[in-house]
Every structure is written in structure tokens, then in C-alpha cells.
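The values are calculated or read from the model by the stated rules, or taken from the named source; none is laboratory data. Bear in mind that the values here come from a model prediction, so they are computed numbers and not experimental data. Because the Cβ atoms are built from the backbone with ideal geometry, glycine has one as well, and the counts that use them run over all protein chains shown. These accessible areas exclude ligands, DNA and RNA; they are computed on the full protein's heavy atoms, side chains included. Shrake-Rupley method; radii C 1.70, N 1.55, O 1.52, S 1.80 Å.
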Amino acid sequence: DLFQEAVTFSSNIDFSKSQTPDTVSVFETTIRYLGGLLSAFELSDQKYPVLLEKAKEVADKLAFAWVGQNALPFGFVNFTANSPTMATSNIAEAGTLTLEWSTLSSHIGDQTYANLAVGAVRHIANLVRV
């Protein structure tokens, strides 16, 4: 069955380090990996906890995009060094992480992930308008 094959493949992804010399986009990795793993977990009726484990694993790496007291995450993370690329943040991308990060928090009972994403949205909402 293709779904089981995908679960097996996903369970073997190593998020502990980058598989390329490139950095990882927080937005793209959130919507594709985190969102995909959580969707598969929910669509399977939560039958495969490894999907939730992998979702947490990738979120733990992406969380390095938030540095210190910064409400907004940096846009790219080096998974091997566990550090963000210190550059500008894209508020459109930072403002769209709430669904996946809050869903993860809901499933694992740890609000840390939701707090990061919601904090970014709150920060954006409170920016001074010129």
C-alpha cells in the first residue's frame, strides 16, 4: 500500500542535519514537511505516531529560526549547525505558520510551538502603520 510505503519512508528521514550544503526555508519546510506529516497523521486516524514524532523533530530544528527575544523567525535555518541565517524576515511567511505549529502543539500537548507562531502573528499585527 502506498500510504504505508510513505509512512516507512518518512520514518527514516534524518532531520538532524542538512542533506545538502543549503539552508532550509522555514516557510517551505513548515508547509511541506511539517504540514504533510501532520496531515498524514490526522488522515490515518492517528494510527502512525512516528509521523507525529517526525513532525516534532522537524519543528524542533525549525525553532532555531527564533533567536533570543525575536518574535519573528528568520527565514532560513542551517539544520546541521542549528542556527538561522541572520537576514531579513518575510512577514508574509512568518505570519502563515500558525496552522501547522498550533496543530503540532495540540497533538503533543506542548504549547511551545503554537506560542512561537502565534507570537509572530501578534507581533506583525501590532506593527505601527505609517
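Assorted remarks:
- Count of the range 96-130 residues which are outside any helix (DSSP H, G or I) and open to solvent by less than 30 Å² (accessible area, probe 1.4 Å): 1
- Leading residue by the ranking (surrounded by the fewest Cβ atoms within 10 Å (Cβ to Cβ)) among those in the range 66-87 that are out of contact with any helix residue (DSSP H, G or I) (no Cβ under 8 Å at 6 or more places or on another chain) and closer than 18 Å to Arg122 by Cα: Gly68
- Taken together, Asp22, Asp45 contain a single residue that is farther than 20 Å from Gly119 by Cβ, of a type in the set (D, E, K, R) and at pLDDT 95 or above, which is Asp45.
- So Ser25, is it farther than 22 Å from Asn90 by Cα and under 18 Å from the mean Cα position of the chain (by Cα): no
- Residue under evaluation Glu93, criteria (1) open to solvent by 40 Å² or more (accessible area, probe 1.4 Å); (2) part of a loop (DSSP other than H, G, I, E, B); (3) over 21 Å from Ser11 (Cβ atoms), criterion not met: (2)
- Within the span defined as the range 44-64, one or more residues are assigned to a helix (DSSP H, G or I), touching a strand residue (DSSP E or B) at 6+ places or on another chain (Cβ under 7 Å), open to solvent by 30 Å² or more (accessible area, probe 1.4 Å) and not small (Gly, Ala, Ser).
- Subset of the range 1-19 [free of Cβ contacts under 8 Å to residues at least 24 places away in the same chain and either of a type in the set (A, V, I, L, M, F, W, C) or more than 11 Å from Val50 (Cβ to Cβ) (or both)]: Asp1, Leu2, Gln4, Glu5, Phe9, Asp14, Gln19
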